[in-house]
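**Student:** I am attaching a structure below and will ask some questions about it afterwards.
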Amino acid sequence: GSYGMVLPSFVAQGLAGKPITVYGDGTQSRCFAHVGDVINAMVAISQVPQAEGHVFNVGSDREITINQLAELVKRTLNCASPIVHVPYSESYGGDFEDVQRRIPDISKIQGYIDYHPDTDLAQIITEIAESMPAS
């Protein structure tokens, strides 16, 4: 969260009962993968001789908007934190532009190994919450 990562930030805000801060209108979309799924993919692809020297996207292709993510954090943590929207200009200045969609193309790695990120996003949220120090 100290590096501005949205998911740990939302979880920390929800656990503390603080407002969940969404920058912009929340329609921007992202994909979130569990580190365990990524590690398993890295191990598996490292054992494929034909993959040597290639570059692969490893992540999730399950798209979610930031608004949907904030709602999922609230539901998963069963918290009453309100969701507040803050214009980019208030936090980043008037010239800031966010990428509207970030979705990795994982088809190349899937052509080499049977890679499908399996961990549900609610489970990732739960694990992040469990890893945070009690406040």
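**Student:** Within segment 21-32, restricting attention to residues that are assigned to a loop (DSSP other than H, G, I, E, B), of a type outside the set (S, T, N, Q) and open to solvent by 40 Å² or more (accessible area, probe 1.4 Å), which residue is nearest to residue 90 (Cα to Cα)? Talk me through it step by step, then tell me what you get.
**Tutor:** Of segment 21-32, the ones assigned to a loop (DSSP other than H, G, I, E, B) are 24-28, 32.
Within this subset, residues satisfying the condition of being of a type outside the set (S, T, N, Q) are 24-26, 32.
Pick out the ones that are also open to solvent by 40 Å² or more (accessible area, probe 1.4 Å) and you get 25, 32.
Numbers: 25: 13, 32: 26 Å.
The selected residue is 25.
**Student:** Check 64, 39 and return the single one that is at pLDDT 95 or above, hydrophobic (A, V, I, L, M, F, W, C) and over 12 Å from the mean Cα position of the chain (by Cα).
**Tutor:** Result: 39 is the single residue among 64, 39 that is at pLDDT 95 or above, hydrophobic (A, V, I, L, M, F, W, C) and over 12 Å from the mean Cα position of the chain (by Cα).
**Student:** State whether one or more residues within segment 71-89 are out of contact with any Gly (no Cβ under 9 Å at 6 or more places or on another chain), at pLDDT below 95, of a type outside the set (A, V, I, L, M, F, W, C) and more than 19 Å from residue 123 (Cα to Cα).
**Tutor:** Yes, segment 71-89 has at least one match.
**Student:** What is the residue count in segment 1-27 for residues that are more than 12 Å from the chain's Cα centre (by Cα), of a type outside the set (A, V, I, L, M, F, W, C) and farther than 18 Å from residue 130 by Cα?
**Tutor:** 8
**Student:** Looking only at helices (runs of 4 or more DSSP H) that lie completely in segment 39-135, which have at least 1 residues being within 20 Å of residue 14 (Cα to Cα) and open to solvent by less than 30 Å² (accessible area, probe 1.4 Å)?
**Tutor:** Those helices (runs of 4 or more DSSP H) span 66-77, 121-131.
**Student:** Are any of the residues in segment 89-96 farther than 20 Å from residue 111 by Cβ, of a type in the set (Asp, Glu) and touching a residue at least 60 places away in the same chain (Cβ under 8 Å)?
**Tutor:** So far as segment 89-96 goes, no, none of its residues is farther than 20 Å from residue 111 by Cβ, of a type in the set (Asp, Glu) and touching a residue at least 60 places away in the same chain (Cβ under 8 Å).
The values are calculated or read from the model by the stated rules, or taken from the named source; none is laboratory data. A quick note: this is a predicted structure, and the numbers were derived from the prediction, not measured. Virtual Cβ from ideal backbone geometry, glycine too; neighbours counted across all protein chains shown. Ligands, DNA and RNA are excluded from the accessible area calculation, which covers all protein heavy atoms including side chains. Shrake-Rupley method; radii C 1.70, N 1.55, O 1.52, S 1.80 Å.
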